[in-house]
1. Touching a residue at least 24 places away in the same chain (Cβ under 8 Å), charged (D, E, K, R) and surrounded by fewer than 19 Cβ atoms within 10 Å (Cβ to Cβ): is that true of E129 in this structure?
2. As an exercise: evaluate D44 against (1) more than 20 Å from F138 (Cβ to Cβ); (2) charged (D, E, K, R); (3) at pLDDT 65 or above and give the number of the one condition it does not meet.
3. Which one is modelled with the lowest pLDDT, of the residues in the range 16-41 that are part of a helix (DSSP H, G or I) and surrounded by 15 or more Cβ atoms within 10 Å (Cβ to Cβ)?
4. Give the range 48-98 a look and list any residue that's over 17 Å from Q108 (Cβ atoms) and of a type in the set (K, R), or say none.
5. For the range 118-149, which positions are in a strand (DSSP E or B) and small (G, A, S)?
Amino acid sequence: MVTSVKQTRFVHLRRVSERLRGMLGIQENSPRNEPRIPRLLVVDDEESICFSMCEYFSLQGYKVDTAREMEEAEKLVESSEYQVIIQDLRLATTRDPDGLNVIKLAHQRHPSTRIIVLTAYGSAEMEDEARRCGADAFLRKPKPLSQVAQVVQGLIESPAKQAAKSA
C-alpha cells in the first residue's frame with residue numbers, strides 16, 4: 001500500500017513535469033537522425049533522488065527509468081539493457097546492502113552496462129565489495145548532479161573493462 005502511494009506520487013510528479021515541458025516547448029525525444037539515446041536506470045529508495053535524477057538526465061538527453069525497490073530494479077534489469085545504472089546500496093531501512101544484488105544481476109545479464117554506486121553508506125570495504133560485484137564507480141552522497149553526470153558521461157565514452165570470470 002505504501003509503495004503504491006509513493007509510486008502514484010512519483011507518476012503524478014512526472015505528469016506535471018511533462019506538462020511543464022510541453023508549455024515551455026521542450027521536447028524529450030526528437031525524431032531526427034541522432035545517435036541512439038543512452039538509457040539510464042536510477043535505483044534509489046528516496047523518491048526525491050529518483051525524481052531529481054530522472055529530470056536532470058532527461059533534460060540532458062537520456063532515457064531514464066527509476067526503481068525504488070529491489071524487485072522493481074531486478075525486473076527492469078531483466079527486461080531492458082541500460083548503458084549506465086546509478087545504484088544505491090541500501091534500498092530499505094535494513095542494514096543489508098541489498099543493492100549489491102542488483103549490481104550482480106546487471107553485471108551478469110548485461111556485462112557492458114556501466115554501474116555507478118551512489119550511497120551515503122560508503123566504506124572502503126563496501127567499495128571493494130561493490131567493485132567485485134561489477135561496479136565501475138563508487139560515489140558518496142551527497143554529490144552534485146553535475147558531478148554524477150560527468151562520471152556517467154565518462155563511463156559511456158570509455159571502453160568497458162573486461163569482466164573477470166568468477167567461479
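1. On the way: touching a residue at least 24 places away in the same chain (Cβ under 8 Å): yes; charged (D, E, K, R): yes; surrounded by fewer than 19 Cβ atoms within 10 Å (Cβ to Cβ): yes.
Spelling it out, E129 is indeed touching a residue at least 24 places away in the same chain (Cβ under 8 Å), charged (D, E, K, R) and surrounded by fewer than 19 Cβ atoms within 10 Å (Cβ to Cβ).
2. That leaves (1) as the condition not met.
3. Once the filter is applied, the top-ranked residue is R21.
4. Hits for the range 48-98 are K63, R68, R90, R95.
5. We begin by selecting, within the range 118-149, every residue in a strand (DSSP E or B); these are 118-119, 137-140.
Once the filter is applied, which keeps residues that are in a strand (DSSP E or B) and small (G, A, S), the range 118-149 yields only A137.
Listed here are the residues, each with its yes/no results for (1) without any contact (Cβ under 8 Å) to a residue 12 or more places away in the chain; (2) outside any helix (DSSP H, G or I); (3) buried (at least 20 other Cβ atoms within 10 Å of the Cβ).
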site	(1), (2), (3)
F57	no, no, yes
E72	yes, no, no
Y82	no, yes, yes
I103	no, no, yes
A106	no, no, yes
I116	no, yes, yes
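Matching residues to (1) closer than 18 Å to I49 by Cα; (2) at pLDDT 90 or above; (3) small (G, A, S):
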{"site": "Y82", "(1), (2), (3)": "no, yes, no"}
{"site": "A120", "(1), (2), (3)": "yes, no, yes"}
{"site": "R140", "(1), (2), (3)": "yes, yes, no"}
{"site": "Q150", "(1), (2), (3)": "yes, yes, no"}
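The values are calculated or read from the model by the stated rules, or taken from the named source; none is laboratory data. Computed from a prediction, not measured in an experiment: that's the story for all the values here. FYI the Cβ positions are ideal-geometry reconstructions off the backbone, even for glycines, and counts take in every protein chain you see.
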